[in-house]
Every structure is written in C-alpha cells, then in structure tokens.
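Working notes, structure below.
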Amino acid sequence: MKAILVAVLASMSFTVFAYDDNPKAPVRITSPNKTMTVSFRFENNPTQACERESRRVGNGGFGFAVQGCSFWTDTSCTIIVGKTTTQHTLGHEILHCISGSWHD
C-alpha cells in the first residue's frame, strides 16, 4: 500500500445543503480558506481498509460496503479508495475533507 501525500491549498471550503449524492448537486462556499494535507490510499478492498481505519481511529467501523472513505482533522485528511475508482468517489471523499460529515 502506497500513500501519496499531496499538499492542497483549498482556496475555498464548502458547506453542503440538502446533499443527496447527486454529482450535480450544488455546494455553497461559506467557510474561510484553509491549507490541508491530503493523503490517498489505494486499496484492493476499500471496504475492509475503511472498516479497519475507522476502528483504528475509534469510530467503530461502517458496518456496510463502501467505495471509499475519508478521515480528517483541521489540517489533514486521509482518503481510502479502491485501486480502480471513479471521479465521483474521489470527489465525494475530497468534499468530506473540506466539509466534514455532511450526509448523516
């Protein structure tokens, strides 16, 4: 498993309103600028890797299959996806890095 570290200067942060996982759903820019380091992990089995990482950080796991996941702080974010993934999944997880938990 190789991690690629990317320093990302997010010139905007997003807050999602009524997000329904539609890739064309609008997001509203409301938060101040921030700098964040994002690392990507490309796994053979993202569900297992996400479950393992969730438990490692004390979140208790997902309990269902996922295509990807992300774990973030104010300054860093780790994204886990499959070795074959989609732009939608990557964008979805990046949005979590920027906006946190928005579809609870």
S76 versus T35: modelled label distance in nm, points set 7 Å from Cα along the beta carbon direction: 1.5
Using Cβ contacts closer than 10 Å as the measure, can you line up F71, F62 from fewest to most? F62, F71
For the modelled label position 7 Å from the Cα of S101 along Cα-to-Cβ, which residues of the range 53-95 have backbone nitrogen atoms closer than 16 Å? 53-64, 69-74, 78
Most exposed first by the Cβ proxy, i.e. fewest other Cβ within 10 Å, how do T73, T89 rank? T73, T89
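None of the figures in this text is laboratory data; all of them are computed from the coordinates on show. Here the structure is a predicted model, which is why all the values come from computation and not from measurement. Note that each Cβ is placed from the backbone with ideal geometry, even for glycine, and that neighbours are counted across all protein chains shown.
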